[in-house]
Amino acid sequence: MNRPGNRVVAGVSGSLGSLTALHRAASEARATGAALWAVLAWEPPGGDIPHRGGVCPAPRTAWRSMAVDRLADALDTAFGSAGPGVPVEPLVVYGKPGTVLLEVADRPEDLLVVGAGARGPLRRALWPSVSRYCLARACCPVLAVPPSPLHRAFDAVHRRNTWELPLTTEGLAGRR
């Protein structure tokens, strides 16, 4: 049933949003009989600018190894030992996430699945959106998966902890 070229490409960073997108990509792959390509893009810490004069191969190898480990951890966190139920092709590629995802999902029959995190004006100004980049430039369909409601609740708790505000348990228990 797995036809050549029938792929679902998922952008993976290890964030909660990318894990949500990875689950959705696995569902899409199961529904269509496609292979799941889990893609993690990486760059050296601080970006590529400090290394243009020639990067020492030892740190570059270590950074790539860390990226491989991060992808393996993300797949394990998302699916555990049971796996996603479809063939998975893990892929670690050097480069900017949007560019890398579009290079991998380069066929019209591919489906590119990315997380579409909550984006306020400040975040949009400081960090470019990979999902917007892909939606604007892809040659294949792109599915931008919003964060789960659980993700929003986790972020709210994280903000309260960061600002050392008291945490109320009101609303955490199910309503009867």
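Evaluating ARG60 against the criteria (1) under 18 Å from the mean Cα position of the chain (by Cα); (2) surrounded by 13 or more Cβ atoms within 10 Å (Cβ to Cβ); (3) of a type outside the set (Val, Ile, Thr) leaves one unmet condition, (1).
Looking at LEU22, LEU36, which is the one that is within 11 Å of the chain's Cα centre (by Cα), modelled with pLDDT of 95 or more and within 15 Å of VAL142 (Cα to Cα)? Break it down into steps so the answer makes sense when it comes.
On the way: LEU36 fails: within 11 Å of the chain's Cα centre (by Cα).
The conditions single out LEU22.
Highlighted here are the helices (runs of 4 or more DSSP H) found entirely within the range 113-176 that include at least 1 residues which are modelled with pLDDT under 80 and over 17 Å from the mean Cα position of the chain (by Cα): 121-126, 149-162.
Hey, any hits in the range 99-111 for a residue that's under 18 Å from LEU143 (Cα atoms) and modelled with pLDDT under 95? Checked the range 99-111: no residue is under 18 Å from LEU143 (Cα atoms) and modelled with pLDDT under 95.
Quick check on my filter: what residues within the range 104-142 are open to solvent by 40 Å² or more (accessible area, probe 1.4 Å), farther than 11 Å from GLY11 by Cβ and in contact (Cβ under 8 Å) with a residue 24 or more places away in the chain? First the steps, then the outcome.
Step one: of the range 104-142, the residues open to solvent by 40 Å² or more (accessible area, probe 1.4 Å) are 106-109, 117-119, 121-128, 130, 132-133, 135-137, 139, 141.
If we keep only those that are farther than 11 Å from GLY11 by Cβ too, we end up with 106-109, 117-119, 121-128, 132, 135-137, 139, 141.
ASP106, ARG107, PRO108, GLU109, GLY117, ALA118, PRO128, ARG137, CYS139, PRO141, listed by residue number.
When the range 76-101 is filtered for residues that are crowded, with 20+ Cβ neighbours inside 10 Å and in a helix (DSSP H, G or I), the ones remaining, listed by number, are ALA78, PRO97, GLY98, VAL100, LEU101.
The values are calculated or read from the model by the stated rules, or taken from the named source; none is laboratory data. All values derive from a computational prediction rather than experimental measurement. Here the Cβ is made from the backbone with ideal geometry for all residues, glycine too, and neighbour counts use every protein chain on show. These accessible areas exclude ligands, DNA and RNA; they are computed on the full protein's heavy atoms, side chains included. Shrake-Rupley method; radii C 1.70, N 1.55, O 1.52, S 1.80 Å.
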